[in-house]
1. Taking square-rooted eigenvalues a ≥ b ≥ c of the alpha carbon gyration tensor, is the stretch 14-229 rounded, prolate or oblate, where a/c under 1.5 means rounded and, failing that, a/b exceeding b/c means prolate?
2. Please state the shape class of the stretch 1-142: rounded when a/c is under 1.5, otherwise prolate if a/b exceeds b/c and oblate if not, all from the C-alpha gyration tensor.
3. Points 7 angstrom from Cα along the Cβ direction at Arg172 and Asn13: gap in nanometres?
4. Please list Phe235, Phe207 from largest to smallest accessible area, probe radius 1.4 Å, with all protein chains kept in place.
5. Kindly count the pairs of lysines across the stretch 14-229 whose alpha carbons are less than 21 Å apart, treating pairs on different chains or eight or more residues apart as eligible.
6. Just to confirm my numbers, what's the Cα centroid distance between the stretch 99-173 and the stretch 188-212 in Å?
7. If I ignore ligands, DNA and RNA and count only protein heavy atoms, how much of Lys58 is accessible to a 1.4 Å probe, in Å² to the nearest 10?
8. Can you tell me the relative contact order of the chain? Whole percent, Cα pairs under 8 Å, sequence separation 6 or more.
Amino acid sequence: MRKGFFLPSEQGNLHVAIIMDGNGRWANQRGLPRIAGHRVGAETARKVIEAAPEFGIKTLTLYAFSSDNWHRPPEEVNALMDLLETYLIQETETCIRNKVRLSIIGRRDRLSTSLLKAIEHAEKSTLQGDVLHLRVAIDYSARDAILRAAMRLKNSREISREEFSRLISEERYNGHVVPDVDILVRTGGEKRLSDFLLWECAYAELFFLDTMWPDFTPEELEHVVHEFYHRERRFGRVPETAAVF
Ligand code: FPP
């Protein structure tokens, strides 16, 4: 357990989702090409993934490439795709060792054959991981994911929210339900959701941080989790102690 104020008794079963924003600006501020920011950002992701289970995080969803990111200059898109592929190939063994299950969410039909191969290998060989479920969003759009799930329902009977959540979560292998997001973090100073997990974040607590993603640390994540436990989640109800009239 990391030395800090996070108490083991508070550990939960959290789903944390992160919009890793600010790589490009971090690089520009240092006179570096944007891809240098993405490379350091991948290192940050590695540290955060390693620390996450210590903070009671059981599911971690990282926004690595949105469907709108295809509109970036081709050099940046290609460099990002290469980075993601190399990352998956390199990290699969570490995930197996650390019992991390890796899943990729998002569209697959626009990804290269070699990236698809790396994804399939990573997903299949980490299936037994039960310490952390790491989901990386690539070519992801929440509105597309909702649409795709709705289209699969065409002509179907009415279904429950839970069943719809199962469809949306894109679980390919064991069909288990991915829990709703408890904590959504966005680094880089912007305050928007950018088409990320819109269904799953219905009651998420939102944390918008000024830190650029390459500078983000596990300690900041620990602060976020600590603050989360001090927020009152009412899910539309009133506090039990509140006077109604
Ligand atoms: C947003 O910053 C970040 C991205 C589009 C890419 C995120 C990818 C990584 C951190 C690397 C790979 C990660 C994993 C988990 C394999 P931006 O480029 O929009 O930054 P800006 O707003 O400063 O321009």
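1. Working: a/c = 1.36, a/b = 1.24, b/c = 1.10.
Because its axes are fairly even, with a/c under 1.5, the stretch 14-229 counts as rounded.
2. Values: a/c = 1.99, a/b = 1.32, b/c = 1.50.
Judged from the Cα gyration tensor, the stretch 1-142 comes out oblate (a/c at least 1.5, b/c at or above a/b).
3. Going from the Arg172 label point to the Asn13 one covers 2.6 nm.
4. Details: Phe235 95, Phe207 10 Å².
Output order, biggest surface exposure first: Phe235, Phe207.
5. Lysine pairs satisfying the spacing and distance rule in the stretch 14-229 number 6.
6. 20
7. Taking all protein chains as shown, Lys58 has close to 80 Å².
8. Values: 366 pairs, mean separation 64.6, N = 245.
About 26 percent, as a whole number.
The values are calculated or read from the model by the stated rules, or taken from the named source; none is laboratory data. Nothing here was measured: the structure is a model prediction, and the numbers come from that model. FYI the Cβ positions are ideal-geometry reconstructions off the backbone, even for glycines, and counts take in every protein chain you see. Calculation scope for accessible area: heavy atoms of the full protein, side chains included, ligands and nucleic acids excluded. Shrake-Rupley method; radii C 1.70, N 1.55, O 1.52, S 1.80 Å.
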